Amino acid sequence: IDQLDNLLNPRSGYTFNIDYQTSSDTEKNPFDYLNVQAEYFKTFNHNHTLRFFSLYKESNDRTPLDLVSTYGGYNWTVGYDEFELSSNDLSLLGFEYQFHYKNSTTLRFIFNHLNKFNTVMFDGSEIDDPINYGFGIKIKSILGPINFTWGRGYDTIMNKSSKRINIFYFNFGVEL
């Protein structure tokens, strides 16, 4: 179980996932899709972990809807609902600070910055640099991690006249 916890809650190292899909040239509606996710973890003084992460997605208008869906939430896009960032082009950078209290509890501060999001058009002026943040707690249990996170984001993405909202995330178990 301890080795599984180390994989699910890394403290050092990096992960890099690339998903590239294209349809054949003989189809009527060809599409191209690229999704890159990167994370880097660095622990210092045994109780403090920094996590830097980025999410980059690029596709054309003919890409199937299931590919342009972005699964947001407590770990990548704090401050947004789960499918609110579904788009053809997306670029997001983030930072997380984790304080490991005792052996099973982790306190988290998450910050993310949306660089590019292109599917929603607004009547008003756009937000130049939308920044969202959140605080959370993660508890390791014998049945898997339990996460509770509070996030602060915008009611409408990239809309300068939208108001700030609170979003609460609760997760139990592992993401497969």
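The values are calculated or read from the model by the stated rules, or taken from the named source; none is laboratory data. Treat the numbers as computed from the prediction; the structure is a model and nothing was measured. Cβ: placed from backbone, ideal geometry, glycine included. Neighbour counts: every protein chain shown. Heads up: the accessible areas ignore ligands, DNA and RNA and are worked out on the full protein's heavy atoms, side chains in. Shrake-Rupley method; radii C 1.70, N 1.55, O 1.52, S 1.80 Å.
Write out, first by first residue and then by second, each pair whose Cβ atoms fall under 7 Å of each other, whose residues are 6+ apart or on separate chains, and whose first residue, in region 99-116, is over 22 Å from residue 53 (Cβ atoms) while the second is of a type in the set (Lys, Arg) and at pLDDT below 90.
Pairs found: 104/140.
Filter region 141-173 for residues that are at pLDDT below 85 and open to solvent by less than 70 Å² (accessible area, probe 1.4 Å) and give the result.
Correct list: 141, 144, 145, 153, 154, 156, 157, 158, 159, 162, 171, 173.
Test each condition in (1) open to solvent by less than 50 Å² (accessible area, probe 1.4 Å); (2) among the basic types (Lys, Arg); (3) modelled with pLDDT under 75 for residue 138 and report the one that comes out false.
Checking residue 138 against (1) open to solvent by less than 50 Å² (accessible area, probe 1.4 Å); (2) among the basic types (Lys, Arg); (3) modelled with pLDDT under 75, the one that fails is (3).
For residues in region 41-89 being among the hydroxyl-bearing types (Ser, Thr, Tyr) and at pLDDT 80 or above, which is most open to solvent (accessible area, probe 1.4 Å)?
Result: 56.
Inside region 12-40, can you point out the residues that are among the acidic types (Asp, Glu) and open to solvent by 90 Å² or more (accessible area, probe 1.4 Å)?
Residues satisfying the conditions are 25, 27.
Looking only at region 122-132, decide whether some residue is at pLDDT below 85, more than 15 Å from the chain's Cα centre (by Cα), open to solvent by 30 Å² or more (accessible area, probe 1.4 Å) and over 30 Å from residue 63 (Cα atoms).
No, region 122-132 contains no residue that is at pLDDT below 85, more than 15 Å from the chain's Cα centre (by Cα), open to solvent by 30 Å² or more (accessible area, probe 1.4 Å) and over 30 Å from residue 63 (Cα atoms).
Going through region 9-40 one residue at a time, which ones are at pLDDT 85 or above and among the β-branched types (Val, Ile, Thr)?
Result: 15, 18, 36.
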